[in-house]
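The values are calculated or read from the model by the stated rules, or taken from the named source; none is laboratory data. Because the structure is predicted, anything quoted here is derived from the model rather than measured. Reconstructed Cβ throughout: ideal geometry from the backbone, glycine too, with neighbour counts over all protein chains shown. Side chains included, ligands, DNA and RNA excluded: accessible areas come from the protein's heavy atoms. Shrake-Rupley method; radii C 1.70, N 1.55, O 1.52, S 1.80 Å.
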Amino acid sequence: MDRRRLAPAATMALLCLAAALLALSPAAEAEEQRTGGKHTSGSGGGCAWSGKASSVWVFGDSYADTGNLGDLGRELTHAWYDPYGVTFPGRPTGRFSDGRVLTDFIAGAMGIPTPVAYKLRRGAAAGLLSRGMNFAVGGSGVLDTGYLQRNISAQIDLFQGQRAAAADNAKRGCDVAVVVVSGNDYAYVADKDNSTSAAIAYIPTVVRGLREQLRRLRDEVGMRKVVVTNLHPMGCTPLFTRPLNYTGCDALANAGAAQHNAALQSVLAALDPTNATFLLLDLNAPFAAHVSDSVSGAGDSRFAEPRRPCCESFAADGYCGQQDDGGERMYALCADPAKHFYWDDVHPTQAAWAAVAESFRPKIQEFLSA
């Protein structure tokens, strides 16, 4: 997810939700009729699912990126500079947090080490490479987000090239794909048109594109298990809560996220009526439990600061890690990231991801046992 702000109109939000679901329904119904609700191919023959994966292949954006966004300088690629990585491993590693991110916790829930970032594959041990790879890159989306980063379709293209070249491909069985989408598509459209109404109207296009990539992973790539995240309550990120002095969330931005989630759930129900192939990993509910308007801090949540970032820029249009021409900090850093849910304007702390993982760990293990 990037830092751009959405600012919708309530009436347009409700109208676009109806339009999104109506636009998706005929295609979803046709897909169900075409496949009979069953996948048409699969590479997991012989795999005895036991709550673990043999390899994990990750696609998505900065919520999942573990080092794929190249170092293009502090202003463009904050995650490669201090204070990112201050908690783990004590230095910046290209993760958009003070430490571990969503990919690390999903891999842990699946019983394997964090998959190697594609950009770092040449320096990785062969044994680790056999456990999968992470193609997610900060700033990307389902479609074009204007950052010139590989979107999810291009990431899957890259994956297919890597997998085809693997000598032990035929031996693989318990492969799992993870698809993480955190809102860059909508932020790009909202910023371009200076309107969240435009972003909400984009929901059918984004979800159709996502549906096609999920279908592709199952039917063309042959993935037997695919985990896909829904949208977190975007209006509770510090990007939105800062103008409210971090006391509340932007309800309209949250409504947009809810609309995306409803449309995605409808698509998955049509693609996979038996819930055998796809797991919708709910990030919205566990995020909301810690950061919603009803959470005031200590006493309501384990996080004393549920909406104020640990790394807070001095200027509203600044960024975590920003420096002036003399190298002086243009941001404030909290004493303990574990007391904050958010690390910067949009990305959670390692402690926040750990808290969210408590809710999805048993669901992933149950999914991989079926």
Note down all Cβ pairs under 6 Å where the first residue falls in the stretch 331-343 and is over 13 Å from S97 (Cα atoms) and surrounded by 18 or more Cβ atoms within 10 Å (Cβ to Cβ), the second is of a type in the set (S, T, N, Q) and at pLDDT below 95, and they're at least six residues apart or on different chains. none
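I need a count of the residues in the stretch 265-295 that are within 30 Å of L244 (Cα to Cα) and hydrophobic (A, V, I, L, M, F, W, C).
First, the residues of the stretch 265-295 that are within 30 Å of L244 (Cα to Cα): 281-295.
Next, only the ones that are hydrophobic (A, V, I, L, M, F, W, C) stay: 281, 283, 285, 287-289, 291, 295.
Total meeting the criteria: 8.
If you take the residues in the stretch 42-68 that are assigned to a loop (DSSP other than H, G, I, E, B) and at pLDDT 95 or above, which one is most open to solvent (accessible area, probe 1.4 Å)? If you could, list the steps in order and put the result at the bottom.
Filtering the stretch 42-68 down to residues assigned to a loop (DSSP other than H, G, I, E, B) leaves 42-54, 60-65, 67-68.
From what is left, the residues that are at pLDDT 95 or above are 60-65, 67-68.
Details: G60: 1, D61: 2, S62: 2, Y63: 4, A64: 0, D65: 0, G67: 0, N68: 22 Å².
Among those that are assigned to a loop (DSSP other than H, G, I, E, B) and at pLDDT 95 or above, it is N68.
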Would you check which residues across the stretch 141-155 are open to solvent by 30 Å² or more (accessible area, probe 1.4 Å), touching a Phe, Trp or Tyr at 6+ places or on another chain (Cβ under 9 Å) and not small (G, A, S) and list them? L143, D144, Y147, R150
Going through the stretch 122-140 one residue at a time, which ones are open to solvent by 40 Å² or more (accessible area, probe 1.4 Å) and either modelled with pLDDT of 95 or more or not in a loop (DSSP other than H, G, I, E, B) (or both)? R122, G123, A126, G127, L128, L129
When you check P286 against the structure, is it touching a residue at least 40 places away in the same chain (Cβ under 8 Å) and surrounded by fewer than 14 Cβ atoms within 10 Å (Cβ to Cβ), yes or no? no
Note on the stretch 348-367: residues open to solvent by 10 Å² or more (accessible area, probe 1.4 Å) and either touching a Cys at 6+ places or on another chain (Cβ under 6 Å) or under 22 Å from V137 (Cα atoms) (or both) are Q350, A351, A354
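So that you can scan it fast, the table gives a plain yes or no per residue for (1) touching a helix residue (DSSP H, G or I) at 6+ places or on another chain (Cβ under 8 Å); (2) modelled with pLDDT under 95; (3) under 29 Å from V207 (Cβ atoms):
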residue: L271; (1), (2), (3): yes, no, yes
residue: T274; (1), (2), (3): no, yes, yes
residue: F278; (1), (2), (3): yes, no, yes
residue: L283; (1), (2), (3): yes, no, yes
residue: A298; (1), (2), (3): no, yes, no
residue: E305; (1), (2), (3): yes, no, no
